[in-house]
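The values are calculated or read from the model by the stated rules, or taken from the named source; none is laboratory data. Just so you know, these numbers come straight off a predicted model, no measurement behind them. Here Cβ is always computed from backbone atoms with ideal geometry, including for glycine, and neighbour counts include all displayed protein chains. Side chains are part of the model used for accessible areas, which takes the heavy atoms of the whole protein and leaves out ligands, DNA and RNA. Shrake-Rupley method; radii C 1.70, N 1.55, O 1.52, S 1.80 Å.
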Amino acid sequence: MRIAYTSDQIRAAEAALMATLPEGALMERAATGLAVVCARTLGGVYGSRVVLLVGGGDNGGDALFAGARLAARGARVDALLAGTRVHAAGLEALRRAGGRVTGLNSDHGPAEDPASGGSARKTSEDPAGARVRDLLGAADLIVDGMLGIGGAGALREPYATLAGLANDAPGEVLAVDVPSGVDASSGRVEGPAVRADATVTFGAWKVGLLVDPGSGHAGRTELVDIGLGLHLPDPDAAVPTDADVAALLPRPGASSDKYRRGVVGIAAGSERYTGAAVLAVGGALRAGVGMVRYAGVAEPVAQVRARWPEAVITTLAPGEGVEEVGRVQAWVLGPGLGTGDEARAIARSVLSSEVPVLVDADALTLAAQDRSLLRRGAPVLITPHAGELSRLIEVPRERIEARRLENVRRAAAELGVTVLLKGSTTLVAEDGRPVRINPTGSPWLATGGTGDVLAGLAGALLAAGLSGYDAASCAAYLHGIAGREGPLTAWDVAEALPRAVRSLLDGPANGPRHGGSPAKLGL
């Protein structure tokens, strides 16, 4: 697992490490790693143009010391001082190396520019003055060192203006630790923010770099090891890799039969929504489940029987439950089920069983109307999108989208279930455990019916004996791999599942291929 931490956890670990090191040693490590990545990004350092956007904290100090190293190797380095204070030692190092300094705030006093004979360069009246625009427009590399992991809320001036200018500039933008305007602990973005081509982060992954909308601003991510390992607590979040998922996936053995491989029951579909049943059954079968027992009303039964002769089918009369379906090891409940009285009777029947139940789609709407449906002794895995979760926990959809981590944790704790929150960043939460962040997938999955396939896939893994937490994590991961090559339909995703499973079980030939860790730089 690639594990990630909140800003508070990182700061505590840094404080513990700094107590064991000479003053300035930690920043030296960070700045050295940052300079290495800057040099690699530039290709050739000598003669390149680098602009540093410098805030008043350690983040700005990292940028200044890295800029000094680049200036010493022949780069033209300009530092734009955006804060009301500046890291004095970093500023002095940059000046000694020949870097140029422009102050954007009158509190700095005269900002000396060595290349112009010591004349002051001031733009306090206009933080986006012509000189600043010209510098950013001509830069090969812009280093965002304005705000680090302590930043929260919307950017103030001049940071907001500088973020916009950096985003519009033609050169590469590299963020230091976390893009300015992104909350390092949650990924929240509450206004203008730097949209980096790459982010160099120090010590450990920050949660906000891995969760949208923050991950969308981070670009490529690279980790510089500065020695925090022994001082880090239990992680706040984790990202599975190929090897993690492969280790969890069930494999048939010489003594396997269909019952040992898992029997999943699927209660889905209605006279109006027949396709959802076909897709959910297909997701389970293509995932390699031992057997599917499908229960539904007449019209979806006919569709499932025509497409999936492997499924064992029970036709339900109006108002009838699933008691006569036969033994299953897990249930999938809800895709296309409807929300009327007949659907409610099926839901109550499934949820009164003593096996794990995955609750999706229309069954989530029923649960939002009566949350007592989810209170049961056996495990429950729910698979909502933001709108469905909004109804379940009575939080506006927009707030869920903006604060996905906060709300997926709240739902898991409040409802007492495992939650797979679908979306641009799919999250899996269970009370008391790190949130798992799914790294696979693509926008091609944003098409009708793919959620039904995911429900069947996750249900198959539940029936095979995985916990809700592991089944949800593996299902999201495989579903993402299967949906990477578009354009596609939900049927295409189901058809691609066997290849996705084999790609993990066969093992990557040359390291991680799907959700592997971004680059890690050891110093």
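Figures for the structure shown
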item	result
Residues of segment 174-264: accessible area per residue with a 1.4 Å probe, Å²	35 Å²
Loop sites in segment 1-94: chymotrypsin sites (Phe, Trp or Tyr not before Pro), DSSP, at most 14 other Cβ within 10 Å	Y46
FRET efficiency, L230 to E414 (Cβ-Cβ, R0 41 Å, nearest 0.05)	0.70
Inter-probe distance in nm under a simple model that places probes 7 Å from Cα toward Cβ, at R272 and R391	1.1 nm
Highest-first arrangement of 39-45, 368-374, where packing means the average Cβ count within 10 Å	39-45, 368-374
FRET E, pair R499, S256, Förster distance 25 Å, beta-carbon r, rounded to 0.05	0.75
Extended-chain gain in nm, criterion 0.36 nm per residue less alpha-carbon gap, E92 and R305	69.1 nm
In degrees, nearest ten, helix 404-415 long axis to first principal axis of the chain (Cα)	40 degrees
Length-normalised contact order for the chain - Cα pairs under 8 Å, 6+ apart - percent	13 percent
Solvent-accessible area of D58 with every protein chain in place, 1.4 Å probe, in Å² to the nearest 10	100 Å²
Carbon/sulfur fraction of accessible area - the chain, other protein chains in place, 1.4 Å, %	48 percent
For segment 282-425: accessible area per residue (Å², 1.4 Å)	40 Å²
Stretch gain in nm, segment M18-T315, where the contour uses 0.36 nm per residue and the Cα spacing is subtracted	100.2 nm
Among 386-397, 265-276, the order from most to least packed when residues are scored by Cβ within 10 Å on average	265-276, 386-397
Cα pair distances of segment 181-327 binned at 5 Å [whole percent]	2, 8, 13, 12, 9, 7, 7, 10, 12, 10, 7, 3, 0
Value of D in µm² per second that Stokes-Einstein yields for segment 1-95, Kirkwood Rh from Cα pairs, at 4 °C (1.567 mPa s)	91 µm²/s
